[in-house]
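Structure record follows, encoded as structure tokens.
The values are calculated or read from the model by the stated rules, or taken from the named source; none is laboratory data. For clarity, every value in this text was computed on a predicted model and none was experimentally measured. Virtual Cβ from ideal backbone geometry, glycine too; neighbours counted across all protein chains shown. These accessible areas exclude ligands, DNA and RNA; they are computed on the full protein's heavy atoms, side chains included. Shrake-Rupley method; radii C 1.70, N 1.55, O 1.52, S 1.80 Å.
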Amino acid sequence: MALVAALFCSLVMPSVIGMRSSKDVEQEQTQSPADRYELLADLAISEEKYQEAAGYLEKVLELSEGLEEEALSRLCLKTASVYVMCGNADRAGQLLDRTLELNEASLEAVLLKAQLALEEGDSRKATEELERYVELAPEDLNTRLSLARLYESLNDYPAAMTEYELLYEKQSSDESHYLNALRCSFLSGNYEEALGKFDGYLEEAGQDSVYYPVALFLRAACVMQLGRLDEAEEGFRQAMDFGYEEGACKEQIMLCSFERGEYQQTVDYGLELLETEARLNTPELMYQRLGASMMMLERYEEAVKYLDEAEELGLELTGNAYYRGVSLLALHRYDEAAADFSTSIEQGFLTQFCYYNRGVCYVQLLDYDKAAQDMEMTLTSGEAPELLEAAREILLQIEEYNKNIMEMP
């Protein structure tokens, strides 16, 4: 977003706000009141006194009766620009709307409206304004690039792909646009389609292309999403051989190992990544898979440590609570484990296993009513035979316990 905002400032502000020196003011002795106020505004702008400049420009607007629409449009735009610098988004927005009423093709006004929307955190509104802008100025490739990036920030990958393809049509010498289009095809979930495009690119580009290792990496990512894990790992190794970042490749190879159930190998890769302080593309997944592998290897204290790391990254990772809950249960931390299994149930992850394990926690906490409820849910939430048998056995034990309590004198 910062890039977009910076782009707007570089395009808009110099063209909107004209500067006049004090010498210019001294030379103009026969000005109208409106002209004099505008000169004072220009001086205030030159000294970065934007609030003062805004006051002068408001006086010019008050005296603008009879001004031609084109001149009034420029005045509204200039005043709006000053209010942007003052941080008064409401008044700036009003003046920009007035500018566009007078001149619907004002590119600077459209860009400033997009900038205001970004500053207010309204990416959708900013997108609408940029779409309007590129319709008016289709040859402005910088703004089209900003629009493509904005689409990506909104996870609208098909729209971003379209913009990158249009950029490549205009700048066919810049292969980055084409690779970005393919990357967005991949991020859209069109893995088979994206894979074919990556294969086509790799055939045509040649191994000397600076983007060849990038394409190899992204192709391997497509293959990984299609479940072809051995082929994906080979692709990541090939990308690494051609110079793609080693840490990113090993991170993905680690994830392939986890999906194959090779937990010791996953741990080895994960600890190596941490030791070398490699830059990670998805650190939350790396920590989660490392923690889950530690759990499978019965290294429960370490598992909790790395699963905590994954959660601290601020993302709600499906499965994280379950893996940690199993580890906490093994460590006899029953209250914490039960809370994690509750979270996992809300996420819909391994629900039957969560009900059973939470029921076991409640048994250990001597809360037999809750334990019985969870065992009943275990019987109706899945078909894992080992859980069904174990849940029935625990229900019988709880029933026997309650019967004995009732028979006590």
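Calculated accessible area for segment 259-365 comes out at 48 Å² per residue, all protein chains present (probe 1.4 Å; ligands, DNA, RNA ignored). Cross-link partners for residue 403 among the aspartates and glutamates, with Cα-Cα distance under 20 Å and sequence neighbours closer than 8 places in the same chain left out: 367, 369, 374, 376, 393. Checking the a/c ratio against 1.5 first, then a/b against b/c, what shape does the Cα gyration tensor give for segment 133-205? Oblate, since a/c reaches 1.5 and b/c is not below a/b. Shape call for segment 233-286 from the C-alpha gyration tensor, a ≥ b ≥ c root eigenvalues: rounded (a/c under 1.5), prolate (a/b greater than b/c) or oblate? Oblate. Divided by 2.2 N^0.38 Å, where N counts the residues, the Cα radius of gyration of segment 104-162 comes to 1.03. Annotation: lysines with alpha-carbon distance below 18 angstrom to residue 78 (same-chain offsets under eight excluded): 49, 59, 113. Listed by chain and number, the lysines whose C-alpha is less than 20 Å from the C-alpha of residue 170, apart from same-chain residues fewer than 8 away, are 197. Over segment 223-347, all Cα pairs binned in 5 Å intervals from 0 give whole-percent P(r) values of 2, 12, 20, 22, 18, 13, 8, 3, 2, 0, listed from short to long.
Using all pairs of distinct alpha-carbon atoms, the Kirkwood hydrodynamic radius of segment 65-113 works out to 10.4 angstrom.
Computed over the Cα atoms of segment 306-409, the ratio of the radius of gyration to the Kirkwood radius (Rg/Rh) comes to 1.05. Taking the C-alpha atoms only, the angle from helix 107-119 to the longest principal axis of the chain is near 40 degrees. Counting other Cβ atoms within 10 Å, keep those with at most 14, restrict to DSSP loop, and tell me which GluC sites (Glu not before Pro) in segment 107-205 are left. Sites meeting the loop and neighbour criteria: 120, 139.
Model label sites at residue 262 and residue 281, defined 7 Å from Cα along the beta-carbon direction, differ in position by 1.9 nm. Summing Cβ point charges (Lys, Arg +1; Asp, Glu -1) relative to the Cα centre of the chain gives a dipole of roughly 360 debye.
Find how many whole Å separate the alpha carbon centroid of segment 179-222 from the alpha carbon centroid of segment 313-361. Centre-to-centre distance over Cα atoms comes out at 38 Å. Angle between the Cα long axis of helix 212-225 and the longest principal axis of the chain, 0 to 90 degrees, nearest 10? Helix 212-225 and the main axis of the chain meet at about 50 degrees. By how many degrees, between 0 and 90 and to the nearest 10, does the Cα long axis of helix 141-153 differ from the longest principal axis of the chain? It is inclined by approximately 30 degrees. Remark: the residue 65-residue 155 segment gains 27.7 nm on full extension, using 0.36 nm per residue and subtracting the alpha carbon distance. On the principal axes of its alpha carbon atoms, segment 277-326 extends 28, 22, 12 Å, with the longest extent given first.
Note on the chain: helix-only mean residue ellipticity at 222 nm, from DSSP H runs of 4+ residues weighted -39500 (n - 2.57) and normalised by residue number, equals -25000 deg cm²/dmol. The mean sequence distance of close C-alpha pairs (under 8 Å, at least 6 residues apart), as a share of the length of the chain, puts its relative contact order at 6 percent.
Normalised by 2.2 N^0.38 Å, with N the number of residues, the alpha-carbon radius of gyration of segment 156-311 equals 1.14.
Loop-only check: which trypsin sites (Lys or Arg not before Pro) in segment 278-356 are DSSP coil with at most 14 other Cβ within 10 angstrom? Here the trypsin sites (Lys or Arg not before Pro) that fit, given the DSSP loop and packing criteria, are 279. Checking every one of the GluC sites (Glu not before Pro) in segment 258-338 against DSSP loop status and a limit of 13 other Cβ atoms within 10 Å picks out 277, 298, 316.
Using C-alpha pairs under 8 Å with a sequence gap of at least 6, the mean separation divided by the residue count of segment 42-132 gives a relative contact order of 21 percent.
Segment residue 367..residue 120, full-extension length gain: 83.9 nm, with 0.36 nm per residue of separation and the alpha-carbon distance subtracted.
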